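The values are calculated or read from the model by the stated rules, or taken from the named source; none is laboratory data. Not measured: the values here are computed from a predicted model. Heads up, the Cβs are rebuilt from the backbone with ideal geometry, glycines too, and the neighbour counts pull from every protein chain shown. Areas reflect the complete protein model, heavy atoms only, side chains present, ligands, DNA and RNA absent. Shrake-Rupley method; radii C 1.70, N 1.55, O 1.52, S 1.80 Å.
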Amino acid sequence: MTNNWNDIKNADVILVMGANPAENHPVSMKWVLQAQEKGAKLIVVDPRFTRTAAKADLYAPMRSGADIAFLGGMISYILNEGLYFKEYVVNYTNATFLVNPEFQGPGQLDGLFSGYNPKTKSYDKRTWTYQMAADGTPKRDLTLRNPNCVFRLLKKHYARYTPEQVSAITGTPQENLLAVYQLFASTGRPDRAGTELYAMGWTQHTVGTQNIRAMCIVQLLLGNMGIAGGGINALRGESNVQGSTDHGLLFHILPGYLATPGAALTDLKTYVEKYTPKSMDPKSVNWWSNRSKYVTSYLKAIYGDGANRENDFGYAWLPKLDEKMDCSWLTLFDRMFQGKFEGFFAWGQNPACSGSNAGKVRKALAKLKWMVNVNLFDNETGSFWKGPGMDPTAVGTEVFLLPACSSVEKEGSITNSARLAQWRTAAISPLSEARPDAEIINELYFRVKKLYQLQGGKFPAPIRNLTWNYGARDARGKVGKVDIHAVAREINGYYLEDVYDKKATPPKLIGKKGELCASFVHLQDDGSTSCGNWLYSQSYTQKEGKIINMMARRKNGDPTGLGLFPEWAWCWPVNRRILYNRASVDPQGRPWDAKRAVIKWNPGKLDKNSQQPGVWEGDVPDGPAPPLAEEKGKYPFIMRADGMGAIFGPGLVDGPFPEHYEALECPLPENPMSRQRISPTVKLFHEQGKGAAEDIHAVCDIRFPLVATTYRVSEHWQTGVMTRHEPWQMEMAPQQFVEISEELAKLREIKNGDKVNVSSARGKVWAIAMVTPRLKPFQVAGTTVHQVGLPWCFGWQYPEDGSGGDSSNLLTPSVGDANTMIPETKAFMVNVEK
């Protein structure tokens with residue numbers, strides 16, 4: 001989230017698209033309803049009339065997979081009607097930047113951007129660059145009239161997205177489209193605020209990243225970024241998804257979103273040079289210019305005294321990715337399916353049900369030599385070898401179950417969607433043989449380290465040099481019990497030497513050796529500081545000798561009245577509750593909306609640090625520099641090298657502007673927008689007859705004429721491992737079901753409660769038909785398109801009698817987003833038969 005849960009109440013208009021908070025994030029609806037009580041309007045765009053839609057002031061149905069067409073139409077409407085916030089757009093976005101005159105878009109190249117190579121299925125981005133001035137900064141046209149400026153290119157690109165065309169693609173009636181556009185575009189004024197709430201309904205598509213980019217463009221045009229009641233707000237599907245991502249869960253990042261090194265980057269200097277952006281503009285903060293401080297401090301945190309200048313701070317010990325190496329979920333299981341892995345840790349997950357194309361996943365598990373299942377309960381993954389279609393005598397995989405305790409049985413922190421890190425104490429001790437994850441990792445670490453010590457190995461240094469100062473050690477040197485507070489303090493970071501502010505005269509002591517770091521502003525790249533994750537520096541800190549766990553704070557004061565609650569837990573970065581909040585003020589530092597002032601510049605108040613007049617009041621600002629209009633003022637989007645909100649986004653692999661492409665499996669033989677049916681840079685596991693039969697997909701196939709999507713339900717958690725064992729949960733939602741419209745039910749002679757088979761090109765599940773008016777047929781490109789929906793919370797393993805059915809992911813395809821490879825489970829083709 002750019003903003004936070006509480007801040008939803010500050011919005012005038014709330015757009016829910018790609019999410020269903022009333023059912024999947026029910027606590028969040030408290031803030032939506034509070035906003036409505038104050039006069040806010042709720043818009044819901046969804047293929048189904050959900051429980052969230054039941055509370056909406058305006059509902060618009062839309063076919064799954066057509067989000068970019070819908071949002072592209074909104075962008076076109078905002079531009080054509082002149083409803084954008086011009087002062088914000090000109091001063092705070094790259095709309096004024098001049099692009100290479102050789103750049104061409106899909107309107108000129110029939111669905112492609114300039115530079116496409118069909119052999120590599122990738123773009124040469126040389127025409128996606130900016131025209132540069134003599135001082136090394138992008139050329140700008142503040143009048144927004146130059147045909148090569150981003151603003152004009154944007155308008156040209158989305159001129160094709162007329163209401164008639166968008167309606168034909170999405171199935172949304174034109175009157176609904178225009179009503180949504182008019183209401184949300186009304187927030188493009190200083191005294192109005194609009195926010196957007198999304199979840200997996202946007203991300204799990206081949207164009208998932210671009211779905212979100214399209215909404216970012218909308219919000220930048222309307223001036224809704226950085227303000228109270230605004231932003232782009234991801235509703236995470238679990239209370240610590242944000243935290244796990246922050247701490248390097250994904251293969252391509254280290255903790256704090258530092259890039260995982262590539263094998264070609266042989267030393268730390270080369271790594272830093274590659275990943276540190278440069279800016280010649282004195283008004284750009286370019287915060288990532290501090291990358292060397294963050295990565296060096298990270299190396300000191302994990303390798304301690306073993307990391308020094310002489311050995312490049314242990315950089316060589318970090319794992320490296322080969323060039324273009326893809327270790328994403330779909331690729332890992334594809335390699336496993338090919339027999340390229342011997343072992344697998346399934347830690348707190350159930351891929352036999354949660355993985356897209358679950359039938360392939362289950363076959364892949366059978367090709368392992370061993371698997372360790374770390375979980376609260378046995379599940380479909382741990383028992384895959386005796387599941388449907390499996391011959392246990394033919395499976396050679398040895399499976400181990402390590403019982404883990406639940407979240408209420410262990411102490412530690414979670415970081416929720418709002419970037420809010422909250423400390424939790426244990427309610428009870430772990431039951432039976434179950435252990436906290438940290439204890440299991442601790443046991444593994446010392447056993448693996450001992451094997452390296454006794455037997456050697458090809459590359460023992462990364463393991464043998466790790467620091468592990470997480471508790472008292474026994475006679476063997478092993479940590480007996482992990483002190484989770486010690487882990488948190490290592491993440492925050494320490495001053496390893498006395499650290500001085502060398503810009504001051506004389507140099508000023510800002511950190512004493514051995515103390516916890518005050519914030520990431522103090523981190524150094526000379527080895528004098530350590531920090532396990534720069535974003536979390538300040539989360540567990542020290543003031544006047546007193547150690548303070550900032551995440552454990554529970555004061556509920558709200559001095560701004562906006563719901564920021566600055567002393568409730570701790571929010572990264574540096575307790576900032578609304579990101580890019582310098583965009584909430586005009587270039588002079590005055591709030592666009594004084595009634596919703598996130599921060600404001602007080603030019604007469606003395607800054608206690610610099611002893612100079614001028615200080616920000618309110619939320620923690622995005623940097624202490626004065627407002628943009630002042631001589632030393634800075635642009636608001638500090639994490640970007642140019643300091644501007646990116647309407648033109650050349651960093652993505654599939655285009656600098658979002659463009660509508662159909663899902664891999666769709667009901668249309670062609671893309672109504674161009675001859676390019678699907679995203680041209682998407683990776684296909686089965687193409688032109690090549691690839692495993694398990695990866696086959698069907699397009700406009702009469703055997704599979706229905707659009708399908710998957711979703712969660714309130715009654716179950718994820719794949720149901722923690723809820724299908726609870727009889728009261730099973731009583732409320734006992735078995736797999738499929739929602740179908742009354743019109744489709746009539747065509748297929750299916751009645752509510754009938755048992756039906758749902759099939760795709762990859763698999764089949766039985767389900768109970770839920771005939772409902774919540775789904776209606778769509779009129780798409782002159783044809784009637786029916787859509788169905790299934791939850792993904794069931795599996796064969798429990799209930800033991802099989803009465804719950806099996807996972808809907810047996811139906812979903814092996815294809816992912818062009819940028820992130822997140823699987824496309826929200827739009828695919830199926831059939832439903834009695």
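Some points to look at:
- Mean-position separation - Cα centroids, the stretch 276-339 and the stretch 640-665, in angstrom: 24 Å
- For G816, neighbours were defined as the other residues whose beta-carbon sits under 10 Å from its Cβ, and their charges (Lys and Arg +1, Asp and Glu -1) total -2.
- Note on A475 and S429: with the Förster distance fixed at 30 Å, the Cβ-Cβ geometry gives a FRET efficiency of about 0.75.
- Each 5 Å bin, from zero up to the one with the longest distance, holds this percent of the alpha carbon pairs of the stretch 36-104: 3, 12, 13, 15, 18, 15, 10, 7, 4, 1, 0.
- Here the contact order of the stretch 730-834, divided by its residue count and restricted to Cα pairs under 8 Å and six or more residues apart, works out to 32 percent.
- Distance histogram in 10 Å bins (all Cα pairs of the stretch 364-523, percent per bin): 8, 22, 28, 25, 11, 4, 2, 0
- Pairs from the table (K269/K508; K139/K283; K367/K458; K9/K595) lying more than 22 angstrom apart at Cα are K269/K508; K367/K458.
- Size estimate for the stretch 771-826 follows the Kirkwood approach: the inverse of mean 1/r over distinct Cα pairs works out to 14.2 Å.
- Highest-first arrangement of 750-762, 206-218, where packing means the average Cβ count within 10 Å: 206-218, 750-762
- With the alpha-carbon atoms of the stretch 673-814 aligned to their principal axes, the span from lowest to highest coordinate is 51, 35, 22 Å, starting with the largest.
- Rg [Å, one decimal], Dmax [Å, integer] - the stretch 71-203, C-alpha atoms: 16.9, 50
- Mean silhouette area of the stretch 321-382, derived from the convex hull of its C-alpha atoms and averaged over all directions, reads 4.3 nm².
- Average projection area in nm² (convex hull over Cα atoms of the stretch 593-675, one quarter of hull surface): 9.8 nm²
- Take each peptide in 49-55, 113-119, count the other Cβ atoms within 10 Å of every residue, and average; sorted highest first, the result is 49-55, 113-119.
- Computed [θ] at 222 nm, helices only, for the chain once each DSSP H run of length n ≥ 4 contributes -39500 (n - 2.57): -6000 deg cm²/dmol
- Value of Rg to Rh for the stretch 357-414 (Rh from inverse mean 1/r over Cα pairs, i.e. Kirkwood): 1.09
- Shown here is the pair-distance distribution of the stretch 17-62: with all Cα-Cα distances grouped in 5 Å bins from zero up to the longest one, the shares run 6, 25, 33, 25, 10, 1 percent.
- Computed over the chain, Cα set: Rg, Dmax in Å: 27.0, 85
- The stretch 718-791: GluC sites (Glu not before Pro) in DSSP coil with no more than 15 other Cβ atoms inside 10 Å: E749
- Pairs of C-alpha atoms in the stretch 643-702 farther apart than 16 Å represent 57 percent of all such pairs.
- Loop-located GluC sites (Glu not before Pro) across the stretch 583-671 with a Cβ neighbour count of 12 or fewer within 10 Å are E631, with loop assigned by DSSP.
- Centroid-to-centroid separation of the stretch 722-793 and the stretch 124-139 [C-alpha atoms, Å]: 51 Å
- Applying the criteria of a DSSP loop state and at most 15 other Cβ atoms within 10 Å to the trypsin sites (Lys or Arg not before Pro) of the stretch 145-201 yields R145.
- Near G545: Cβ cut-off under 11 Å, other residues only, Lys/Arg at +1 and Asp/Glu at -1. The net charge is +1.
- Percentage relative contact order, the chain, counting C-alpha pairs under 8 Å, at least six apart: 16 percent
- For the stretch 475-546, the Cα gyration tensor yields ellipsoid semi-axes of 26, 13, 11 Å (square root of five times each eigenvalue, largest first, whole Å).
- Note on E323 and K283: with the Förster distance fixed at 45 Å, the Cβ-Cβ geometry gives a FRET efficiency of about 0.80.
- Charge sum, other residues only, whose C-beta stays under 15 Å from L83's C-beta, Lys/Arg counted +1 and Asp/Glu -1: 0
- Debye intensity ratio in log₁₀ form over the Cα atoms of the stretch 217-306, taken at each q of 0.12, 0.15, 0.18, 0.21 Å⁻¹: -0.58, -0.85, -1.05, -1.14
- Mean accessible surface per residue for the chain, computed with a 1.4 Å probe while every protein chain stays in place, in Å²: 42 Å²
- Compactness relative to 2.2 N^0.38 Å, alpha carbon Rg of the stretch 256-386: 1.42
- The packing ranking of peptides 79-90, 408-419, 525-536, highest mean first, is 525-536, 408-419, 79-90, where packing means the average number of other beta carbon atoms within 10 angstrom of each residue.
- By a 1.4 Å probe calculation restricted to protein chains, C571 has an accessible surface near 0 Å², given to the nearest 10.
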